[in-house]
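J.: If you scroll down you'll find the structure; I have some questions about it.
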Amino acid sequence: MSLKYNSSNKVLDIVADLVDFDKSKVTFVEDQSTSLQIDGTVIEGTNTICQYLVQQSGKFNDWMGLTDNEKAEVQQWISYAQSTLKEAKDKAPVVDKLNQTLATKVFIVSNYLTLADVFVYVNLYSYFCALSTENRFKIPNVTRYFDLIQNLVHEIKPKIVFDLVSINLNAPPVQKKEKNDKKDKKDKKDGKEKKEKEVKKDKKEKKEENKKEVKQEKEVKQEKKNKKEKKEKKEKKKMRRKMIKRNLIKRMDALLNGQTSIRLVRSGMYLEKARRKKDCNQCKSVNYKTLLLFVAVL
């Protein structure tokens, strides 16, 4: 049995150490190819070779999952670690999502260490080492998970290519609130109340303006209505006067033409009587002297 892989392939290097693979049978190559030769049979691919070495070691049978569902999950997370996590140019969003996933989990699959945890740990290592303590506390679930896996791996094999990363799991001290906080709160509250008063005042002024506008509109409408009624009344009065004058002229013409009648005389007497009593507005527009002159001739 011989194993060939590039020295930069840390996943295969660490898994080979964990299963106590004889390093004398390892050949490092310059390209990125990986192959495991067993009695003339060649197995290729990092994922396949790692799973084969774990199964053949007989030490970590549960690393591949105990149930069919767990086995499927292990395969899924191995693919995730070797593609999504490893190949991401910007690992921050990927790690943030992983942090959410680990909020309800201790291990990636089930409640025990699996090969998927080893793959995720190896592909997180360089990114996690570069993080500051402050940034590590922004992803607490990943930080807790990473520290657990690295310690479990080092318990199995203390001397591997990755060193233990020193992690401070103590939360940073909470800064005491300054006395100015009370003042700031009061100022904030006063500012809020002032703003609310201004809003109420604006609403009230706006409401009053609307009322004023409505009132003005009503007054304008009423004024137009009054003008219209006055105009109509004036026109009716004018028409009435014209009608009286027309009738009077007609009767005068009849008188001049010798068509005198008792009706004309009675009309003249009625108009004179109405004028004296001053109870008829129509009488003001009639030339009574002229009318009585014609009546007197009769």
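The values are calculated or read from the model by the stated rules, or taken from the named source; none is laboratory data. This structure is a prediction, so every number in the text was calculated from the model and none was measured. Ideal geometry is used to build each Cβ from the backbone, glycine not excepted, and the neighbour counts take in all protein chains shown. Heavy atoms of the whole protein, side chains included, go into the accessibility calculation; ligands, DNA and RNA do not. Shrake-Rupley method; radii C 1.70, N 1.55, O 1.52, S 1.80 Å.
J.: As an exercise, use a Förster radius of 45 Å and the Cβ-Cβ distance of K207 and K238 to find the FRET efficiency, rounded to the nearest 0.05. Let's see the in-between values first.
T.: Numbers: r = 47 Å, r/R0 = 1.04.
The pair K207/K238 has a calculated efficiency of 0.45.
J.: Calculate one ³J(HN,Hα) per residue across segment 107-120 by plugging θ = phi - 60° into the Karplus curve 6.51 cos²θ - 1.76 cosθ + 1.60, and present them in order as whole Hz with x for glycine and proline.
T.: Karplus values, whole Hz, x for Gly and Pro: 10, 5, 10, 6, 10, 8, 5, 10, 5, 4, 5, 5, 4, 5.
J.: For K242, what accessible surface area do you get with a 1.4 Å probe? Give it in Å², rounded to 10.
T.: Answer for K242: close to 100 Å² accessible.
J.: Another question, then. Per residue, how much accessible area does segment 1-155 have with a 1.4 Å probe, in Å²?
T.: Working: 7680 Å² over 155 residues.
Ligands and nucleic acids excluded, the result is 50 Å² per residue.
J.: What are the ³J(HN,Hα) values, in whole Hz, obtained from phi via the Karplus relation 6.51 cos²θ - 1.76 cosθ + 1.60 with θ = phi - 60°, for each residue of segment 144-153 in sequence order, with x given for Gly and Pro?
T.: So the J values, rounded to whole Hz, are 4, 5, 4, 5, 5, 5, 5, 6, 5, 5.
J.: Top to bottom by accessible area (1.4 Å), largest first, where do R240, R136, R144 land? Don't jump to the answer; show the numbers that get you there.
T.: Details: R240 110, R136 25, R144 85 Å².
Order by accessible area, largest first: R240, R144, R136.
J.: So, one more: Here are some pairs, K138/K192; K59/K105; K186/K207; which of them have Cα atoms lying more than 27 Å apart in this structure? Numbers along the way, then the final one.
T.: Details: K138/K192 33 Å; K59/K105 24 Å; K186/K207 31 Å.
Violating the 27 Å Cα-Cα cut-off are K138/K192; K186/K207.
J.: Report the label-to-label distance for D190 and S33 in nanometres (one decimal), using points 7 Å from each Cα along the Cα→Cβ vector.
T.: 8.0 nm
J.: Give me the net charge of A103's neighbourhood, meaning all other residues with Cβ under 13 Å from the Cβ of A103; Lys, Arg count +1, Asp, Glu -1.
T.: On the way: positive: K97, K105, R144; negative: D96.
Every neighbour counted, the sum reads +2.
J.: Provide the three semi-axes, in whole Å and in decreasing order, of the ellipsoid equivalent to segment 1-119 as defined by the square roots of 5 times the Cα gyration tensor eigenvalues.
T.: Values: eigenvalues 139, 67, 24 Å².
Calculated on Cα positions only, the semi-axes equal 26, 18, 11 Å.
J.: Right, here's the next one. Test of understanding: extend the Cα→C-beta vector of K25 to 7 Å, then name every residue of segment 56-94 with backbone N under 13 Å from that spot.
T.: Only 56-58 pass the distance filter.
J.: Would you kindly state how much longer the chain becomes between V220 and R144 on full extension, computed as 0.36 nm times their sequence separation minus their alpha carbon distance, in nm to one decimal?
T.: Values: separation 76, 0.36 × 76 = 27.36 nm, distance 7.85 nm.
Result for the pair: 19.5 nm of gain on full extension.
J.: What Kirkwood hydrodynamic radius do you get for segment 105-239 when you take the inverse of the mean 1/r over all pairs of distinct Cα atoms, in Å?
T.: Details: mean 1/r = 0.0432 Å⁻¹.
It works out to 23.2 Å.
J.: Based only on Cα atoms, what Rg/Rh ratio does segment 17-65 have, Rh being taken as Kirkwood's radius? List each step's numbers first, then the result.
T.: Numbers: Rg = 11.5 Å, Rh = 11.9 Å.
Answer for segment 17-65: 0.97.
J.: Still on this structure: Under the Karplus relation 6.51 cos²θ - 1.76 cosθ + 1.60, θ = phi - 60°, what is the ordered set of whole-Hz ³J(HN,Hα) values for segment 155-165, x standing for Gly and Pro?
T.: 5, 6, 9, x, 9, 10, 5, 9, 7, 5, 8
J.: Given the peptides 19-27, 44-52, arrange them by the average over their residues of other C-beta atoms within 10 Å, most packed first.
T.: On the way: 19-27: 12.8, 44-52: 17.4.
Averaged packing, sorted descending, gives the order 44-52, 19-27.
J.: Here is a further query. With charges only on Cβ, +1 for K and R and -1 for D and E, what is the dipole size of segment 1-82 about its Cα centre, in debye, rounded to 20? List each step's numbers first, then the result.
T.: On the way: 6 positive and 12 negative charges, 27 e Å.
Magnitude of the dipole: close to 140 debye.
J.: Using 0.36 nm times the number of residues separating N111 and S132, minus their current alpha carbon distance, what extension gain do you get? Kindly include the intermediate steps, with their values, before the conclusion.
T.: Working: separation 21, 0.36 × 21 = 7.56 nm, distance 2.89 nm.
The N111-S132 span can extend by a further 4.7 nm.
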